[in-house]
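Asks: Structure incoming, see below.
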Amino acid sequence: MEQLSCLMRKLERVVRQIDRNTAVVPLPFASWIENNVSLRRGEVSMIAGPPGAGKSTLALAIALRSQVPTLYASCDSHESTMALRLISMIGDLPQLEVEQHMQNQQWASEMISSQGKHISWMMDSNPAIADLEDQIELYRLLKGSDPQLVILDNAVDFTHDTGDEFSSLRSLMREIKWWSRDTGAAFLVLHHTSEAAESNPCPPRSALHGKIAQIPSMIMTIAPAPHYMMMCAVKNRYGPADPSGRKAFYMEYDPARMLIRDPK
């Protein structure tokens with residue numbers, strides 16, 4: 001009974017200390033808020049879709065516009081590509097135009113510094129989970145605090161010593177669940193869905209590679225459409241969800257200029 005009483009007192013202190021303004025990452029999209037979709041600190045969330053659906057664009061927009069201290073692990077794209085995309089998003093410029101101007105290194109640096117200084121980057125192309133741990137420890141050492149948002153782009157790019165891909169994915173999810181609790185950061189994992197799965201209009205939860213839907217508190221699947229991105233919360237512990245992917249909402253989407261925003 002004493003142990004139970006002690007635990008209850010600890011939980012009471014935790015509840016009193018909760019700041020509702022810091023329990024979630026401030027999202028830049030009214031449509032997400034209207035659909036009760038949130039990225040909660042201390043938990044794992046996921047954006048999933050087929051290759052080329054726009055997962056990285058959506059995650060980069062969240063990282064840029066949330067303006068919270070962020071660690072972005074870009075395994076899928078080269079650092080020059082991410083710089084190009086970030087400048088395009090900041091300046092609302094076509095990527096082709098940005099690429100022409102990036103030879104002016106001072107201009108490119110100033111563009112990124114103007115709005116993107118809160119993002120730290122991990123650019124390993126084939127990292128192990130130990131590399132992520134090292135990056136988090138380095139972040140702590142250099143910044144004196146933990147990141148509030150950690151983005152893994154993509155889950156399948158992280159290697160593990162457990163053998164087959166599906167076992168590795170499950171091990172990765174268990175590891176980042178621990179790290180989300182330890183750092184108090186919102187972990188956002190980008191992941192693939194099966195291209196063979198039918199989207200109605202978004203991929204169903206069952207289309208996730210590796211069947212790793214157990215750990216994330218929120219899973220958003222996405223699908224591209226002309227001028228739009230369709231999205232559906234197929235799992236959501238804090239709001240409505242539709243595992244079939246049918247109850248979708250949409251946002252304006254132009255990959256050529258890294259534009260993603262609420263519909264007008």
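Values in this text are rule-based calculations from the coordinates and carry no lab data. The structure displayed is predicted, hence computed values, not measured ones. Reconstructed Cβ throughout: ideal geometry from the backbone, glycine too, with neighbour counts over all protein chains shown.
Asks: Which percent of Cα-Cα pairs in region 85-195 sits in each 5 Å bin, short to long?
Replies: Percent of Cα pairs in each bin: 2, 10, 17, 18, 16, 14, 12, 8, 3, 0.
Asks: Provide Rg and Dmax in Å for the chain, with only Cα atoms included in the calculation.
Replies: In order Rg, Dmax, the Cα atoms of the chain give 18.7, 69 Å.
Asks: Next question. Under the rule of at least 5 residues apart or a separate chain, name every residue whose amide H is placed under 5 Å from the amide H of TRP121.
Replies: Those lying under 5 Å, H to H, from TRP121 are TYR72.
Asks: As an exercise, identify the trypsin sites (Lys or Arg not before Pro) in region 68-174 lying in DSSP coil whose Cβ has no more than 11 other Cβ atoms within 10 Å.
Replies: Working: sites: ARG85, LYS117, ARG140, LYS143, ARG170, ARG174; in loops: LYS117.
When the trypsin sites (Lys or Arg not before Pro) of region 68-174 are filtered for loop state and at most 11 Cβ neighbours within 10 Å, LYS117 remain.
Asks: Translational diffusion coefficient of region 182-264 at 25 °C, 0.890 mPa s, Stokes-Einstein with Kirkwood Rh over Cα pairs, in µm²/s as a whole number.
Replies: Details: Rh = 13.6 Å.
For the chosen part, D equals 180 µm²/s.
Asks: Return the aspartates and glutamates within reach of LYS264: Cα separation strictly under 13 angstrom, same-chain partners fewer than 8 residues apart disregarded; answer none if there are no such residues.
Replies: GLU252
Asks: Another question, then. Can you spot the lysines whose alpha carbon is less than 26 Å from LYS235's alpha carbon? Ignore those fewer than 8 places along the same chain.
Replies: Excluding near neighbours in sequence, the set is LYS55, LYS177, LYS211, LYS247.
Asks: Determine which aspartates and glutamates satisfy two conditions relative to LYS143: a Cα distance under 20 Å, and not lying fewer than 8 residues away in the same chain.
Replies: Of all the aspartates and glutamates, those that pass the test against LYS143 - Cα under 20 Å, at least 8 places apart if same chain - are ASP131, GLU133, ASP134, ASP182.
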